[in-house]
1. Looking at the square roots a ≥ b ≥ c of the eigenvalues of the Cα gyration tensor of segment 82-153, which shape do they give, rounded for a/c under 1.5, prolate if a/b is larger than b/c, or oblate?
2. At 1.4 Å probe size, with every protein chain present, just tell me what the per residue accessible area of the chain comes to in Å².
3. For segment 3-9, in order, what is each residue's ³J(HN,Hα) by Karplus, 6.51 cos²θ - 1.76 cosθ + 1.60 with θ = phi - 60°, in whole Hz (x at glycine and Pro)?
4. Would you work out what percent of the accessible area of segment 1-160, with all protein chains in place, is carbon or sulfur (probe 1.4 Å)?
5. Out of all DSSP beta bridges in segment 31-137, what portion is antiparallel? Express it as a percent rounded to 5.
6. Computed FRET efficiency, Cβ-Cβ of Asp131 and Arg180, R0 35 Å: what is it to the nearest 0.05?
7. Order of 123-130, 12-19, 28-35 by packing, highest average Cβ count within 10 Å first?
8. What residues qualify as long-range amide H neighbours of Gly74, i.e. H under 5 Å apart, gap of 5 or more or another chain, H built at 1.01 Å from N?
Amino acid sequence: MTVYGLLVFDDAEDLDVVGPWQVFATSAQLRDGVDSAVLVAERPGPVRCAKGLRLLPDHTLDDHPPLDVVLVPGGVGARTVQRDNAAVTGWIAKNAATARWTHSVCTGAFLLHAAGVARGRRVATHRQHEDRLAALGDVTVVRDARYVVDGDLLTSQGVSAGIDSALWLVGRLHGRDHARTVRRALQYDPAPPYLADEPVA
């Protein structure tokens with residue numbers, strides 16, 4: 001059983017959440033509902049993403065099941081308000097310590113840095129924010145890979161790269177053939193397509 005926990009907050013980038021959610025939820029369906037994906041927010045009630053999509057969290061920071069995967073999206077909120085929100089960064093640090101994988105999309109890497117999770121690690125982020133993240137120090141920003149794996153930390157570049165990294169992760173957790181089945185179910189056919197056999201940075 002795998003439980004995917006996706007953090008949501010105001011001004012999170014919409015596809016940073018919804019892209020991986022679709023991958024994880026489809027994977028869970030194909031595994032006959034053994035797995036689950038849940039949205040976690042600081043408070044109950046709707047969260048408005050950066051482009052206006054409103055999401056209703058399943059759980060708050062202190063009432064969710066144990067998480068195997070913690071996903072942290074990017075967006076304006078990740079780069080500004082949430083970086084200074086001790087409740088959110090503390091939650092990330094606590095759950096990253098017990099989860100099998102911590103996964104960020106886009107500028108979610110800034111929240112991982114603020115939480116201490118990315119310190120001393122190799123990470124990816126949106127190309128427009130690579131210099132800013134590198135300037136924070138104690139992190140190596142990889143600039144030429146859509147996603148980067150460093151131990152149990154998976155980080156990806158901007159927005160759509162979250163789908164690629166989420167597919168890689170379900171392949172790592174449940175096998176390459178399963179990840180390819182998820183990709184076909186989504187009719188996700190980018191150029192180049194997802195190939196679990198390709199090395200990652």
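1. On the way: a/c = 1.89, a/b = 1.30, b/c = 1.45.
It comes out oblate by the Cα gyration axes.
2. It amounts to 44 Å² per residue over the chain.
3. The phi angles translate into 10, 9, x, 9, 6, 10, 7 Hz.
4. Numbers: 3280 of 6780 Å².
The computed percentage sits at 48.
5. Details: 2 of 8 bridges.
If we restrict to bridges inside segment 31-137, about 25 percent are antiparallel.
6. Details: r = 36 Å, r/R0 = 1.02.
Computed FRET efficiency for Asp131 and Arg180 comes out at 0.45.
7. On the way: 123-130: 21.6, 12-19: 25.8, 28-35: 14.2.
The packing order, highest mean first, is 12-19, 123-130, 28-35.
8. So Gly74 has HN proximity to Glu13, Val105, Thr107, Gly108.
The values are calculated or read from the model by the stated rules, or taken from the named source; none is laboratory data. Keep in mind that this is a model prediction, so the values were computed, not measured. Quick reminder, even Gly has a Cβ in these numbers, built from the backbone with ideal geometry, and neighbours come from all protein chains shown. Ligands, DNA and RNA are stripped out before the accessible areas are found, and what is left, the full protein with its side chains, is counted by its heavy atoms. Shrake-Rupley method; radii C 1.70, N 1.55, O 1.52, S 1.80 Å.
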